[in-house]
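Undergrad: Take a look at the following structure, please.
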Amino acid sequence: MDLKQLAAVVTVADAGSVTKAARLLHLVQPAVTRQIRTLEDELGVTLFERTRHGMVLTAAGDKLVARARRAINEVERARAELHPDPGGVTGTVTVGILESVVDIVLQPLAAAVADRYPGIGLRVLCGYSGHLQQWLDDGDIDVSLLYGLASTQSLAVTPILRERLWAVGPPHAELDASQPVSWDEMLRHPLVLPIAGHGLRELIDQADVLPMHQSAVVAETNSMVVQKQLVQAGRGWTVLPAAGVAADVAAGRLSGAPLGAPEIVRTVVLGLQRGSWMPPPVQAVAVQLTGVVRAAVVAGRWPSATLLTDSESASR
């Protein structure tokens, strides 16, 4: 029995499949399968039931995984104590960033990681929350910003902030960030909205603010860039997170203000794969990402956002 075998068992248990585990461990699938079978032969027990729904721990496997987690954690703790210098943390971490907050988060995160952890290389994948959640669940990314998500069986999330969505219009609309825009006002204009099923569209639909016939909606898209281009061209108004349009409003390409009557709010969370063991590079980047987001809110670079207290985060 060795640590590679224990890591394989724990990772397969967390991921639910050998394929996902192999991706997380940066191994080929046969190698992971071989490690598990070798360990099963050595212990004389079956650790997993191989079902059409994935790999399910047996009673023996469940007992082994509990002890294997502790063993792996102790080894990682010993390594950290022997190499306390943050520069000793090395590896590649894949980070998911919401398309709407790239302008606010990406550069400060890259700078913070390069400064404190020069041995960590970043891979950045941008997308909508639904895509990022799936990539995180599949093991394609290690840590991600998401919104509107509670912890699941496979993912653990920590709420960071709450933000109001904005009404966004062309420059000549002269919307004032200090004056919320009611939905009565929004519906006086053609609307360019995300497509049905998109996370932002779900928030709008849940608010029950659109007329049943939805004649006010003149265009729908799955692209925030297209939303902004159509609004800038005078085709209508739209709804977006303030973080996604702050630079455009400041440059005079668009105008915007918080929505009111009713306001629509989303919660931004930090998402990680569930499990008791987290590689040091992933943990380091997760801490830096959280710090960058909090700093952006405190400095006023993330409009209409309010940080959640520890008690609020714990209650969600």
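The values are calculated or read from the model by the stated rules, or taken from the named source; none is laboratory data. Quantities reported herein were computed from a predicted structural model and do not represent experimental measurements. Because the Cβ atoms are built from the backbone with ideal geometry, glycine has one as well, and the counts that use them run over all protein chains shown. When the accessible area is computed, the model is the full protein with side chains, heavy atoms only, and any ligands, DNA or RNA have been set aside. Shrake-Rupley method; radii C 1.70, N 1.55, O 1.52, S 1.80 Å.
Undergrad: Kindly evaluate L145 against the criterion of being farther than 17 Å from L272 by Cβ, in contact with a strand residue (DSSP E or B) (Cβ under 6 Å, 6 or more places away or on another chain) and surrounded by 17 or more Cβ atoms within 10 Å (Cβ to Cβ).
TA: No.
Undergrad: Please go through region 260-306 and give me each residue that is open to solvent by 60 Å² or more (accessible area, probe 1.4 Å) and on the phi > 0 side of the Ramachandran plot, ordered by number.
TA: Once the filter is applied, which keeps residues that are open to solvent by 60 Å² or more (accessible area, probe 1.4 Å) and on the phi > 0 side of the Ramachandran plot, region 260-306 yields only A261.
Undergrad: Sticking with this one: Does any residue in region 103-114 that is small (G, A, S) come within less than 7 Å, Cβ to Cβ, of a residue that is surrounded by 16 or more Cβ atoms within 10 Å (Cβ to Cβ) and in a helix (DSSP H, G or I) six or more places away or on a different chain, and which pairs are these?
TA: A112/Q288; A112/V292
Undergrad: Could you please give the count of residues in region 51-66 that are at pLDDT 85 or above and either at positive phi or over 30 Å from the mean Cα position of the chain (by Cα) (or both)?
TA: 6
Undergrad: Could you identify the single residue in Q206, Q179, Q232, Q227 that is of a type outside the set (A, V, I, L, M, F, W, C), under 28 Å from the mean Cα position of the chain (by Cα) and surrounded by fewer than 18 Cβ atoms within 10 Å (Cβ to Cβ)? Can you show your working first?
TA: Numbers: Q179 fails: under 28 Å from the mean Cα position of the chain (by Cα); Q232 fails: under 28 Å from the mean Cα position of the chain (by Cα); Q227 fails: surrounded by fewer than 18 Cβ atoms within 10 Å (Cβ to Cβ).
Answer to the selection: Q206.
Undergrad: Can you give me the number of residues within region 167-216 that are on the phi < 0 side of the Ramachandran plot, of a type in the set (S, T, N, Q) and without any contact (Cβ under 8 Å) to a residue 60 or more places away in the chain? Spell out the reasoning first.
TA: Here is the first cut: in region 167-216, the residues on the phi < 0 side of the Ramachandran plot are 167-173, 175-196, 198-207, 209-213, 215-216.
Narrowing the set further to residues that are of a type in the set (S, T, N, Q) leaves 178-179, 182, 206, 215.
Filter again for without any contact (Cβ under 8 Å) to a residue 60 or more places away in the chain, leaving 206, 215.
Going through region 167-216 one residue at a time, the tally reaches 2.
Undergrad: Of everything in region 88-136 that's within 11 Å of A284 (Cβ to Cβ) and either in contact with a Phe, Trp or Tyr (Cβ under 6 Å, 6 or more places away or on another chain) or in a helix (DSSP H, G or I) (or both), which residue is least open to solvent (accessible area, probe 1.4 Å)?
TA: Checked region 88-136; the qualifying residue least open to solvent (accessible area, probe 1.4 Å) is V113.
Undergrad: Could you tell me whether A257 is outside the structural domain of L132 (by the TED database) and surrounded by 19 or more Cβ atoms within 10 Å (Cβ to Cβ)? Show your work before the answer.
TA: Numbers: outside the structural domain of L132 (by the TED database): yes; surrounded by 19 or more Cβ atoms within 10 Å (Cβ to Cβ): yes.
The answer is yes for A257.
Undergrad: Is it true that P211 is open to solvent by 60 Å² or more (accessible area, probe 1.4 Å) and out of contact with any helix residue (DSSP H, G or I) (no Cβ under 6 Å at 6 or more places or on another chain)? Step through it out loud before you land on a result.
TA: Working: open to solvent by 60 Å² or more (accessible area, probe 1.4 Å): no; out of contact with any helix residue (DSSP H, G or I) (no Cβ under 6 Å at 6 or more places or on another chain): yes.
The answer is no for P211.
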